[in-house]
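Each remark here refers to the structure printed beneath this line.
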């Protein structure tokens, strides 16, 4: 059982559309990270959010950490085919990161 | 620069065989993590090393799983008497600092293990 629930599990959209994916938990995390993973590779860190209510922007990607530090969202504006991949959220518990199952995003040209 | 490397990239084992998976972290990185990623799932934490000390092995699924990092650099994950349910991608990650939740973990490409 994953400690972090991600939704939707799969998302297929056209180039240029906007999208939001969610990461929810009943646990409070000291920090939360978002990763992107491509087939045959390990996850690559996109962002770390630490403070409840924090918003971080990375070009067309906007990350938000919930006020209670239990949930997070990732919003992508004007998605491009290069955004295709598995987006994973991970929350920090003691020494380890607990990952969600991911949202598999496909952006069609 | 060199990232985290893992070998072999692919391993096919017969049920009951022992396997050893190697991780070469980024030079100088203090922390090393092993994760197991089943098909369609996110990575699941297995164990954590700070230098040569294994500080957390709470995620190892059974006593058939053993990990070591004897000199605080290269690490080996060993699985004895492999079972079909061990089939997964095994990811290694390293970070420069002591684990605390905000550090950047750099992942290797993983070893894909298939147990027949």
Using the Cα gyration tensor of chain A, with a ≥ b ≥ c the square roots of its eigenvalues, what is the shape: rounded (a/c below 1.5), prolate (a/b larger than b/c) or oblate (neither)? prolate
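How would the stretch A:46-109 be classified by its alpha-carbon gyration tensor: rounded, prolate or oblate, with rounded meaning a/c under 1.5 and the a/b versus b/c comparison settling the rest? Walk me through the intermediate numbers first.
Details: a/c = 2.68, a/b = 1.54, b/c = 1.74.
Because a/c hits 1.5 or more and a/b fails to exceed b/c, the stretch A:46-109 counts as oblate.
Remind me, relative contact order of chain B in percent, using alpha carbon pairs under 8 angstrom and six or more residues apart?
36
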If you bin the C-alpha pair distances of the protein assembly as shown every 10 Å from 0, what whole percents do you get? 8, 33, 35, 19, 5, 0
Using only alpha carbon pairs under 8 Å that are at least six residues apart, calculate the relative contact order of chain A and give it in whole percent. 37
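Give me A:75, B:29 ranked fewest to most by other Cβ atoms within 10 Å of their Cβ, as a rough exposure proxy.
Details: A:75 15, B:29 19.
Least to most surrounded, the residues fall as A:75, B:29.
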What shape does the stretch B:5-100 take by its C-alpha gyration tensor, where a ≥ b ≥ c are the square roots of the eigenvalues and a/c under 1.5 counts as rounded, a/b above b/c as prolate, and the rest as oblate? prolate
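Only the coordinates and a few stated rules stand behind these numbers; no lab work does. Because the structure is predicted, anything quoted here is derived from the model rather than measured. Glycine also receives a Cβ, built like all others from the backbone with ideal geometry; neighbour counts cover every protein chain displayed.
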